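Colleague: A single structure is presented below for examination.
The values are calculated or read from the model by the stated rules, or taken from the named source; none is laboratory data. It should be emphasised that the depicted structure is a prediction, and the values quoted were computed from it without experimental measurement. Virtual Cβ from ideal backbone geometry, glycine too; neighbours counted across all protein chains shown.
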Amino acid sequence: MKRYLSKVDTATTGGRYDVTPLFADPQAFDALVTDLAAPFEASAPDFVACLDALGFILGTALARHLGAGVLPVRKGHKLPTATDFETCVDYSGTQKRLEIRKDILHPGAKVLLVDDWVETGAQAAAAIRLIERQGAVVVGIAAVCIDETDKTLPLRQKYTVRSVWEPS
């Protein structure tokens, strides 16, 4: 396992790990961003789509590293403008609405999707539907961890994925 991953707090409650200590360490965070960006440097994404909320932190850093724009994928009813939206049921069983502005993407734009942790892939799949519906092309998915389950298998089969967490 990569040394910087020791910063992830695994002694947590609620079935999720906390990546914020990793984000708080500048050297560890830089190493994470470099590792996650590596497979996508050649594809030169135009945008990094970041899932609300911790995906905003990681995605913005990846966008800066890759020289791409940031496309926030917001939770429902947060953007004060015309949006396109999708609904999904997240890892906790909660129905969520995700939305993006209608006027940022253009047909053929290359988009890298980023989140901190992808458990079921439901939010990632909803974000991909939004992106592709606007004519953009998803070049991959990056996260600290993309769980290897039957639920995330369709994402792994269709897209280039980069996950640095290795189950122990």
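Colleague: Residue by residue through segment 1-10, note down the ones that are modelled with pLDDT under 95 and either hydrophobic (A, V, I, L, M, F, W, C) or surrounded by 17 or more Cβ atoms within 10 Å (Cβ to Cβ) (or both).
Modeller: Once the filter is applied, which keeps residues that are modelled with pLDDT under 95 and either hydrophobic (A, V, I, L, M, F, W, C) or surrounded by 17 or more Cβ atoms within 10 Å (Cβ to Cβ) (or both), segment 1-10 yields only 1.
Colleague: If we scan segment 21-44, do we find a residue that is assigned to a strand (DSSP E or B), within 24 Å of residue 136 (Cα to Cα) and modelled with pLDDT of 95 or more?
Modeller: No: segment 21-44 contains no residue that is assigned to a strand (DSSP E or B), within 24 Å of residue 136 (Cα to Cα) and modelled with pLDDT of 95 or more.
Colleague: Let me ask something additional. Taking interchain pairs and intrachain pairs at least six residues apart, which have beta carbon atoms under 9 angstrom, with the first residue in segment 15-32 and touching a residue at least 24 places away in the same chain (Cβ under 8 Å) and the second surrounded by fewer than 13 Cβ atoms within 10 Å (Cβ to Cβ) and β-branched (Val, Ile, Thr)?
Modeller: Note: pairs meeting the criteria are 17/10.
Colleague: Looking only at segment 97-134, count how many residues are among the acidic types (Asp, Glu), closer than 22 Å to residue 36 by Cβ and touching a helix residue (DSSP H, G or I) at 6+ places or on another chain (Cβ under 9 Å).
Modeller: So the answer is 2.
Colleague: From the set of residues in segment 11-42 that are touching a Lys or Arg at 6+ places or on another chain (Cβ under 6 Å) and closer than 30 Å to residue 108 by Cα, which is surrounded by the most Cβ atoms within 10 Å (Cβ to Cβ)?
Modeller: 36
Colleague: Could you go through segment 126-139 and let me know if any residue there is out of contact with any Pro (no Cβ under 9 Å at 6 or more places or on another chain), aliphatic (A, V, I, L, M), under 30 Å from residue 8 (Cα atoms) and surrounded by fewer than 20 Cβ atoms within 10 Å (Cβ to Cβ).
Modeller: no
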